[in-house]
1. Using a/c under 1.5 as the rounded threshold, could you call the range 60-99 rounded, prolate or oblate? The axes a ≥ b ≥ c are square roots of the C-alpha gyration tensor eigenvalues, and prolate needs a/b larger than b/c, oblate otherwise.
2. Count neighbours as other Cβ atoms within 10 Å of each site's Cβ, and list the trypsin sites (Lys or Arg not before Pro) in the range 84-191 that are DSSP loop with at most 15 such neighbours.
3. List, in order, the whole-Hz ³J(HN,Hα) value for each residue of the range 94-111 obtained from phi through the Karplus relation with A = 6.51, B = -1.76, C = 1.60 and θ = phi - 60°; use x for Gly and Pro.
4. Karplus couplings for the range 235-245 from phi (6.51 cos²θ - 1.76 cosθ + 1.60, θ = phi - 60°), rounded to Hz, Gly and Pro as x?
5. Given the protein chains as shown and a 1.4 Å probe, how many square angstrom of Met239 are accessible, to the nearest 10?
6. For the range 68-82, what does the Karplus curve 6.51 cos²θ - 1.76 cosθ + 1.60, with θ = phi - 60°, yield as ³J(HN,Hα) per residue in whole Hz, taken in order and with x for Gly and Pro?
7. Report Asp168's accessible area, 1.4 Å probe, all protein chains in place, as a number in Å² to the nearest 10.
8. Over the range 53-122, with every protein chain in place, what whole percent of the accessible area is carbon and sulfur at 1.4 Å, could you tell me?
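The values are calculated or read from the model by the stated rules, or taken from the named source; none is laboratory data. Since the structure is predicted, the reported quantities are computational estimates derived from the model, not experimental observations. Here the Cβ positions follow ideal geometry from the backbone for every residue, glycine too, while neighbour counts run over all protein chains shown. When the accessible area is computed, the model is the full protein with side chains, heavy atoms only, and any ligands, DNA or RNA have been set aside. Shrake-Rupley method; radii C 1.70, N 1.55, O 1.52, S 1.80 Å.
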Amino acid sequence: MFESIGRSLALMKTSWDILMADKRLLAFPVLSGIVTILVVLTFIIPLLLTGGFASSGNLISLVFLFLFYVASYFVVIFFNTALISCVNARLNGKSMTVGEGLSNAANHLPSIIGWSIIAATVGLISNLLEERAGFIGDIVLAVIGGAWSLVTYFVVPVLVLEDKGVIDSLKESVNLIKKTWGESIVGSASMAIVFVIIGVIAAICVFATLMLGSSTVFMAALALFLLLVVVLAVVYSAMQGIFVTALYTYAKTGTVPTAFNPGLIKNAFQPKQGNLKENI
């Protein structure tokens, strides 16, 4: 486990180096965040103006909530598709502009919409069940949700890089995760933990300013903390896209992206020789 964590941290460093070498990749999580805010406002403002849908019946409320889920998932998946397109180009020694990445994502709109609907359906059902589940039910739902996140880990890379439909992308993601699940879990978890630790330390520093007895200093520290949270979210999203694309590339082709240490990825997981022969 400790060896895997150390390897994942090394992969994170490489992902960071790639991101610093091509900061344009940060544009996609930034755009995703901006559009997501617009989507939220689009759905919240009608609720505020009409006083909600409590008097309209549960069906209308569910339809409204489902549409919100679909729109939200669509935004995230669309910009992730564009991000992975550019990351894949860079890992293969090519250059793709932000506009080209967005254009490539637009070429996969049917699949993106289809995957958004499936993800939104699962998300909505999970949310509704959580509202009715007890303590044990919450644990079961958490396990199921984790399993779902795991088996769908490579759906977007397959969708955009192999130009497959939603169902085929899901099937291929399951096949690939069988080869990489250990590193996928540890790598993603390690990356998340690092960013969470940075956020926690920053939060402690913010609350420490209360001891100074100055509300101005506290509000300034709080504003900087919120800005840091946004920056961390953007950087994490971009690095996660790089990390996932690198793992996908080796799992699918057996070829290590030149930007990564070959031994680092090859020791992370070993695809079955039979599958490698099929893909080479």
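1. prolate
2. Within the range 84-191, the qualifying trypsin sites (Lys or Arg not before Pro) (loop, at most 15 other Cβ atoms within 10 Å) are Lys94.
3. Karplus values, whole Hz, x for Gly and Pro: 10, 10, 10, 6, 4, x, 5, x, 5, 5, 5, 5, 4, 5, 10, 3, x, 5.
4. Computed from phi, the couplings for the range 235-245 are 5, 4, 4, 5, 5, 5, x, 5, 4, 5, 5 Hz.
5. 10 Å²
6. Result, ordered by residue: 5, 4, 4, 4, 5, 5, 4, 4, 4, 5, 4, 6, 5, 4, 5 Hz.
7. 80 Å²
8. 67 percent
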